[in-house]
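Let me begin by presenting the structure, written as structure tokens, before commenting on it.
The values are calculated or read from the model by the stated rules, or taken from the named source; none is laboratory data. Fair warning: this is a prediction, and the values are worked out from it, not measured in the lab. Heads up, the Cβs are rebuilt from the backbone with ideal geometry, glycines too, and the neighbour counts pull from every protein chain shown. Note: accessible area is taken over every heavy atom of the protein model, side chains too, but ligands, DNA and RNA are not part of it. Shrake-Rupley method; radii C 1.70, N 1.55, O 1.52, S 1.80 Å.
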Amino acid sequence: MRLYNTLTKKIEEFKPYNDKEVTLYTCGPTVYHFAHIGNLRTYIFEDILEKSLEYVGYNVKRCMNITDVGHMSSDADTGEDKMIKGAIRENKTVYEIADYYTEAFFKDASKLNIRKPKITERASKHIDFYIKMIEKLLKEGYAYISNGNVYFDISKVKDYYALSGKNQEELIIGAREDVNYDIHKRNPYDFGLWFTVSKFANQDMKWDSPWGVGYPGWHIECSGISINYLGEHLDIHCGGVDNIFPHHTNEIAQSEAYLGHKWCSYWLHGEHLNDATGKMSKSKGEFLTVSLLEEKGYNPLVYRFFCLQSHYRNQLVFSYEALDKASSTYNKLLNKINIIKNNTDGIVEEDVLNNYKNKFKEAINNDLNTSLMITCLYDILKENVNNNTKIEVIKSYDQVLSLDLLNDNKKELSSDLIKYIEDKINERALAKQNKDYVKADLIRKELEEKNIIIKDTREGTKYEVI
Ligand code: AMP
Ligand code: ZN
């Protein structure tokens with residue numbers, strides 16, 4: 001398997017530390033609000049990675065944290081505390097906010113067929129481990145106490161900027177808002193490991209520590225949870241490109257200082273989903289969530305399909321026009337597969353099946369080339385072979401693509417989607433009452449484009465989502 005490694009800036013042959021099992025760590029959501037579909041693009045890429053590793057024969061042990069403490073609105077130590085912001089917004093405790101949005105995250109992820117990692121751990125549940133790490137970092141001179149807080153001293157590690165490939169001056173110019181001119185730090189990029197002096201009067205989550213009552217910095221959680229669950233040698237660490245600096249850079253610095261050796265070999269980063277105005281945001285413009293797409297009548301898997309059409313290392317621009325196009329292509333694809341499914345014939349031709357599995361593996365090996373994976377799918381549909389063989393190939397591909405291509409695990413319709421369909425049916429009935437048959441027809445077509453078929457019966461209009 002060949003993957004692009006942000007650390008070496010090269011496509012490399014992947015070799016796990018231990019042949020029996022690949023360890024994979026993916027940074028989890030900050031649970032102060034719903035995930036936007038940009039966030040979810042990163043989780044779709046990581047889901048494809050995990051399933052691709054399995055497809056080529058590895059066992060994967062994957063771990064993901066849930067950030068419920070310590071993440072500021074800037075990824076450095078500046079700005080507001082995201083969890084407190086969520087609590088104030090909804091007049092709830094940070095614990096209630098964390099519970100609610102953790103559940104919402106997994107619900108959205110499951111609608112996109114993103115499998116829940118085997119290990120998911122709340123950051124606030126591992127305070128003792130972070131304290132143990134920080135104690136060692138202090139003892140060995142990698143960290144210092146200043147103004148009651150514990151900071152990591154980045155000048156103590158070699159190649160601090162290796163992952164980002166930038167130097168300090170470039171980063172200061174490129175990310176001015178992230179630079180913390182906290183006078184208590186020795187270097188502007190030193191980062192907080194433990195805070196006892198909170199800027200926030202209403203800091204709810206705090207714990208006793210050798211340095212006083214306080215809370216951990218954001219970066220230490222991922223190092224702590226990863227080392228705790230996946231061991232001292234991590235194979236792959238992922239996130240979105242915004243995580244490269246400072247988050248992952250800091251993770252490397254503190255993990256390797258703590259362990260005394262190299263920690264993670266492969267760093268994979270997914271490019272962002274942008275909207276027409278640029279960066280996607282939870283506070284500006286339309287807050288694009290999975291529920292919003294459903295309210296507008298889209299099957300969430302159309303969004304997954306939309307993401308898979310482009311490579312994870314390319315930026316992707318979201319627009320409803322582009323999503324409509326993906327929806328129509330996805331629905332046509334399902335229709336073609338449905339015809340095959342309804343006309344099964346022949347015995348599975350093993351050599352054809354294996355040949356197609358190998359083609360798919362080549363697409364995987366080509367730095368997770370999802371659009372090439374989809375091309376393999378179109379190729380088998382066109383192939384001169386019996387339908388049972390085609391079905392076996394499609395079934396095999398869907399282990400990775402997870403697009404419900406054979407509709408075997410049709411999900412329950414969400415209440416948002418049901419409401420959308422019912423509203424459209426009522427609107428159509430009204431149009432018919434007013435003898436506006438053009439409008440009635442347009443509504444039927446609009447539903448059909450989303451694979452919702454309506455039938456007028458004596459008992460009223462019925463619908464089916466195919
Ligand atoms: P957060 O909940 O802010 O910690 O972010 C969760 C994940 O979403 C991180 O891995 C980010 O790198 C990723 N992310 C943030 N914004 C985007 C975006 N616009 N497109 C893709 N991934 C994103
Ligand atoms: Zn992380």
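Can you tell me which residues in region 43-70 are among the polar types (S, T, N, Q), outside any helix (DSSP H, G or I) and in contact (Cβ under 8 Å) with a residue 40 or more places away in the chain? Talk me through it step by step, then tell me what you get.
The first filter runs over region 43-70 and keeps only residues among the polar types (S, T, N, Q), leaving 52, 59, 65, 67.
Filter once more, so that each one left must be outside any helix (DSSP H, G or I): 59, 65, 67.
Matches in region 43-70: Asn65, Thr67.
Looking only at residues that are assigned to a loop (DSSP other than H, G, I, E, B) and under 15 Å from Lys185 (Cα atoms) in region 142-163, which one is least open to solvent (accessible area, probe 1.4 Å)?
Asp153
Filter region 389-422 down to the residues that are open to solvent by 40 Å² or more (accessible area, probe 1.4 Å) and at pLDDT 95 or above, then identify the one that is nearest to the chain's Cα centre (by Cα).
If we take residues in region 389-422 being open to solvent by 40 Å² or more (accessible area, probe 1.4 Å) and at pLDDT 95 or above, then Gln399 is nearest to the chain's Cα centre (by Cα).
Quick check on this structure: which one of Glu221, Glu251, Glu256, Glu286 is more than 15 Å from ligand 2 (Cβ to nearest atom), within 25 Å of Lys156 (Cβ to Cβ) and either free of Cβ contacts under 8 Å to residues at least 40 places away in the same chain or in the same structural domain as Ser52 (by TED's automatic domain parsing) (or both)?
Going through Glu221, Glu251, Glu256, Glu286 in turn, just one is more than 15 Å from ligand 2 (Cβ to nearest atom), within 25 Å of Lys156 (Cβ to Cβ) and either free of Cβ contacts under 8 Å to residues at least 40 places away in the same chain or in the same structural domain as Ser52 (by TED's automatic domain parsing) (or both): Glu256.
Just one of the numbered conditions (1) open to solvent by 10 Å² or more (accessible area, probe 1.4 Å); (2) under 18 Å from the mean Cα position of the chain (by Cα) is not true of Lys92; which one?
(2)
If we scan region 233-241, do we find a residue that is assigned to a helix (DSSP H, G or I) and over 21 Å from His126 (Cβ atoms)?
Taking every residue of region 233-241 in turn, at least one turns out to be assigned to a helix (DSSP H, G or I) and over 21 Å from His126 (Cβ atoms).
I'd like the residue in region 235-245 that is surrounded by fewer than 24 Cβ atoms within 10 Å (Cβ to Cβ) and away from ligand 1 (no atom under 11 Å from the Cβ) and, out of all such residues, is farthest from Glu221 (Cα to Cα).
Asp235
State whether one or more residues within region 266-289 are part of a helix (DSSP H, G or I), crowded, with 18+ Cβ neighbours inside 10 Å and under 18 Å from the mean Cα position of the chain (by Cα).
No, every residue in region 266-289 fails to be part of a helix (DSSP H, G or I), crowded, with 18+ Cβ neighbours inside 10 Å and under 18 Å from the mean Cα position of the chain (by Cα).
Give just the number: which of (1) over 19 Å from the mean Cα position of the chain (by Cα); (2) charged (D, E, K, R); (3) within 16 Å of ligand 1 (Cβ to nearest atom) does Asp324 not satisfy?
(3)
Residue-wise test of (1) modelled with pLDDT under 95; (2) acidic (Asp, Glu); (3) away from ligand 1 (no atom under 16 Å from the Cβ).
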{"position": "Lys51", "(1), (2), (3)": "no, no, yes"}
{"position": "Ala76", "(1), (2), (3)": "yes, no, no"}
{"position": "Asp81", "(1), (2), (3)": "yes, yes, no"}
{"position": "Lys85", "(1), (2), (3)": "yes, no, no"}
{"position": "Asn91", "(1), (2), (3)": "yes, no, yes"}
{"position": "Ile119", "(1), (2), (3)": "no, no, yes"}
{"position": "Ile127", "(1), (2), (3)": "no, no, yes"}
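Would you mention how many residues in region 24-49 are touching a helix residue (DSSP H, G or I) at 6+ places or on another chain (Cβ under 7 Å), within 17 Å of Ile244 (Cα to Cα) and at pLDDT 95 or above?
7
Filter region 423-449 down to the residues that are open to solvent by 80 Å² or more (accessible area, probe 1.4 Å) and part of a loop (DSSP other than H, G, I, E, B) and list them by number.
Matches in region 423-449: Asn434, Lys435.
Can you confirm whether region 357-367 contains a residue that is modelled with pLDDT under 95, at positive phi and open to solvent by less than 40 Å² (accessible area, probe 1.4 Å)?
No, region 357-367 has no match at all.
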